[in-house]
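Inspection log for the structure reproduced underneath, given as C-alpha cells.
The values are calculated or read from the model by the stated rules, or taken from the named source; none is laboratory data. None of the values given here were measured: they were computed from a predicted structure. Cβ placement follows ideal geometry from the backbone for every residue including glycine, while neighbour counts extend to all protein chains displayed. Note: areas computed on protein heavy atoms with side chains; ligands, DNA, RNA excluded. Shrake-Rupley method; radii C 1.70, N 1.55, O 1.52, S 1.80 Å.
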Amino acid sequence: MTTYWCERAWVGPAELVEGLVVEVTGTHIASTDRSHTAPVGSRRLVGLTIPGFANCHSHAFHRALRGRTQAASGGSFWTWREAMYDVADRMDPDNYYALALATYEEMALTGVTAVGEFHYLHHGPGGVPYDEPNVMGRALIAAARSAGIRVALLDACYLSSGFGSPPEGTQRRFADVSADDWADRVTDLSGGLGESTVVVGRAIHSVRAVPRPDLATVAAALPNAPLHVHLSEQVAENEDCLEHYGCTPTRLLGDAGVLGPRTTAVHATHLESDDITALGRAQCFADLCPTTERDLADGVGPARLLAEAGAGLTLGTDSHAVIDMFDEMRAVELDARLVSQRRGHWSADDLLTAATTTGHRSLGFHDGGRIAAGAWADLVTLDTSSPRTAGTGAGPESVVFAATPADITSIVASGRLLRPEPDAVGSRLRVAVEAIWSSR
Ligand SMILES: [Zn+2]
C-alpha cells in the first residue's frame, strides 16, 4: 500500500477537492479520504492532481514523421500518406519496438497513462507474414509495458487499397489475406496475454480498406472488445463511398452492424446530419484528434453536435505531430470558436472528462480516468505556480486553457511512480528516429 496526499485534486466535473488522501494497492486506488494535512509517511503531491489521460488514437511509428512533412510546398493528406508509407516500409519488429518505447515514454511525460494504439503495420516486406504473425503487435505491447503505460492494441483489419481494389506496395504490409484470417490472428493475439494493463481490441482501418462484405466479420470478432474505425476524415472518402455504395461511410457501417457502444469513430470530421444522429443513437464514441486534423488540413469535426446526439467525446494525438493532450483538449473548444465566431461550446470540465474518464471507457479500461476507490491508480500532478499556470485559479480551466506538459511534476500510472527522464527520452527518440531514416 502506498499513500499519496494530493494538495488539490480534480475528481470529476465541479468536484475540486482541497486535500485528498489516496491509498493505492497494486494497480488500483483502494480508498480516498479528504484531509487538509498530509498523513505521516505519505507522498505529497503538491499542486493540482488529475487522473491520467487516455490517448485514444495513436500510430506510434508516425512519430518518425514529426517535423519532416511540414514543407512550405504544402501537399495534402494524400501526399502526407506517401511519406507515412515510406516510414512504414522501413519498420521491422526491433526498430518498431525502439520507436514505440520512446514514443510511449514521451506520452508518459505528458500525462498519458493509457494509449489506444491503432495498429495496422502487421506483416513483413511485401506483405509476407512474420514467423510469429503478431510480432509487430507484441512489440507495441512490450513497448507500452516498458514505458509503464497501459495499452489498448486496436488491431486494424486492412484488406484493400480502396473499395475492393487489392493492396498495393507498402499497403501489403498492412493486409491480411481475408477478414477471417485477420480475425484468427487477432483472436490468437488476445488469447493468453493475461495482463490487466493490456486490452486487445479491433479496428476497421476505414471503409476504404475493408470492403462491405467483410465489415460484419470484424464486428463479430472479439465482440466484447473495443472497436475503432477511421471515419470520414477526408471529403474524398465520403465521395468515393457514395460512388461505390451509394451511401455515407457512417450509413455503411451502421447497416453492417458496426456501430454500437463499444465503437469509436475516429475523426468523424465530415458528417451529414443523419450520420451524427446515427452515431449518437448507437452511443458510439467520437474520437477527435485536433492537432493532427489541423496538421493534415482535414477540417473541424462537429464535436458539439455529436455530443448532443449522444456520442461520447474522446481525444487522441494520432500522427504525433505533437503529443500534448492539453492542446487536444483546448483545441476542441478553440477550433469551434473559430468556426462559429462564438465562445463557450465546451466547459473545461467537459474537456477534461473527455481526455480522462470517457477516453478510458472507449479503450476498454472501464475503471480508468477517475480518482476514486476502485479506479486505476493514475495520478498526474501539475505545478500550479509555474510561469504558465500561476494566477490561473488552479482549477480545470487552468489545466485545459493554460497548462502544458512542462507543468507536470509527478506521474503515477497503474500504481507505479514513473520517472521518465526528459533528456533520456529525447535521446532515445532521436536515436530511434534517425535509425529509421538512415536504414536505407
Ligand atoms: Zn489514425
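Miscellaneous remarks
- Across segment 274-286, the number of residues qualifying as aliphatic (A, V, I, L, M) and within 16 Å of the ligand (Cβ to nearest atom) comes to 1.
- Positions within segment 113-135 being away from the ligand (no atom under 16 Å from the Cβ) and under 22 Å from C289 (Cβ atoms), in sequence order: T113, A114
- Subset of segment 156-175 that is more than 14 Å from A203 (Cα to Cα) and in a loop (DSSP other than H, G, I, E, B) - its residue that is modelled with the lowest pLDDT: G164
- Screening V229 against (1) under 28 Å from A297 (Cα atoms); (2) of a type in the set (V, I, T); (3) more than 16 Å from the ligand (Cβ to nearest atom) leaves a single unmet condition, (3).
- Residues of segment 360-374 satisfying the condition of being among the small types (G, A, S) and in contact with a helix residue (DSSP H, G or I) (Cβ under 9 Å, 6 or more places away or on another chain): G368, G369
- Out of A83, A108, A102, sole residue that is small (G, A, S), part of a helix (DSSP H, G or I) and open to solvent by 10 Å² or more (accessible area, probe 1.4 Å): A83
- Pairs where the first residue, in segment 361-385, is touching a residue at least 40 places away in the same chain (Cβ under 8 Å) and the second is polar (S, T, N, Q) and in a loop (DSSP other than H, G, I, E, B), C-beta under 8 Å, 6+ apart: W376/T27; W376/S414; A377/T27; A377/S414; D378/S414; L382/T389; D383/T389; T384/T392
Residue-wise test of (1) open to solvent by 30 Å² or more (accessible area, probe 1.4 Å); (2) modelled with pLDDT under 95; (3) not charged (D, E, K, R).
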| site | (1), (2), (3) |
| --- | --- |
| V177 | yes, no, yes |
| D181 | yes, no, no |
| S196 | yes, yes, yes |
| G201 | no, no, yes |
| I204 | no, no, yes |
| D214 | yes, no, no |
| V218 | no, no, yes |
| N224 | yes, no, yes |
| L231 | no, no, yes |
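- Taken as a whole, the structure leaves R8 outside the set of residues that are of a type in the set (D, E, K, R), touching a residue at least 12 places away in the same chain (Cβ under 8 Å) and open to solvent by 60 Å² or more (accessible area, probe 1.4 Å).
- Residues of segment 386-403 satisfying the condition of being part of a loop (DSSP other than H, G, I, E, B) and either free of Cβ contacts under 8 Å to residues at least 12 places away in the same chain or open to solvent by 30 Å² or more (accessible area, probe 1.4 Å) (or both): P387, R388, A390, G391, T392, G393
- Selection status of G299, within 16 Å of the ligand (Cβ to nearest atom), open to solvent by less than 40 Å² (accessible area, probe 1.4 Å) and at negative phi: no
- For the residues C289, C241, C247, the requirement of being of a type outside the set (S, T, Y), at pLDDT 95 or above and within 16 Å of the ligand (Cβ to nearest atom) singles out C289.
- Taking each residue of segment 181-193 that is under 17 Å from L159 (Cα atoms) and looking for partners that are open to solvent by less than 10 Å² (accessible area, probe 1.4 Å) and at pLDDT below 95 with beta-carbon atoms closer than 7 Å, six or more apart or interchain, yields nothing.
- One residue alone among T69, T2, T37, T32 is surrounded by 15 or more Cβ atoms within 10 Å (Cβ to Cβ) and farther than 24 Å from I408 by Cβ, and that residue is T69.
- Residue in segment 422-429 that is β-branched (V, I, T), assigned to a helix (DSSP H, G or I), out of contact with any strand residue (DSSP E or B) (no Cβ under 8 Å at 6 or more places or on another chain) and open to solvent by less than 40 Å² (accessible area, probe 1.4 Å) present: yes
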